[in-house]
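Only one structure is covered here, and it is reproduced in the block below.
Read-outs: derived from the displayed coordinates by stated rules, not from any lab. Computed from a predicted structure; not experimentally measured. Positions of Cβ are backbone-derived with ideal geometry, glycine not excepted, and every protein chain shown enters the neighbour counts.
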Amino acid sequence: MGVAISSPYYLTDGQFFMNGSNIVTGDWTNFSAAFVNPVATHATPITGYDWTKTFPGSALSGHTVNLTIAHEMHISADVVEDSTTVLSSLTFGTPASIMADTAQPKAMDASWYVCRHVFISTDPAVKQKVDGGAGTSLLPAACQTDLKMSLTQDWGTLDATYMCGALAFDSIPASCVASFGFSRQDVM
C-alpha cells in the first residue's frame, strides 16, 4: 500500500502563521492535478551557480525561475464549505550542463544547502486577476526584481546554520504587496 502525500497550506493570510487552526492539509494528488492545465505560466532567465562544485561554485547562465498559476481548486468540505483557492507555484529550472539526464540534476556538492521559500496569497484581488487572465502580469517587474534580491542577496551569510537567503516569517518585499498581498514566508 502506498503512502498518501499531503501538503500544508494556510486558510487565511494572517500576518503570523502561528495559529495551527489556520493550517490545513491537502492531498498532493489534487495539487498536482491543478497544475496539469495552468491558467498562466512564465519563465524568467537568471544567472545561477554550478552547485556540482564546492560552494560558492561559479556563475552559470541557463537557470530559470518559473511561475505557474493553476485554476481554482476546491477545498475539502471537511475544512470549509463551498470554497476554492487558486494555487501558484514558483519553481526553478536547471541548465543542461548540470543535469545528469532529462529528469535529474547532477549531484550537488555537500557544501550547498537548498531552501524552499513559500509565499501564500489569499488576497481576493489576486484570484480575480488570475480569473481575468492577468497571467504573468500579476507580479510587476519591480516586485520580481525585489523578490529575487530578497532571496539571494544574503544567501549563505544570513544564518550560520543554513544556506537560506531569507528567514521564515520574513515578509514579501513591499513592492509586491500591492500586486500579491501581504505575505510572510515559510522556509523549508
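Here are the numbers for the structure shown:
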read-out	value
The stretch 42-159: proportion of alpha-carbon pairs further apart than 22 angstrom, %	47
Distance (nanometres) between label positions extended 7 Å along Cα→Cβ at Met99 and Ser32	2.0
For the stretch 47-100, alpha-carbon Rg relative to the globular expectation (2.2 N^0.38 Å, N residues)	1.82
Extension gain (nm, one decimal) between Met108 and Thr64, 0.36 nm per residue minus Cα-Cα	14.1 nm
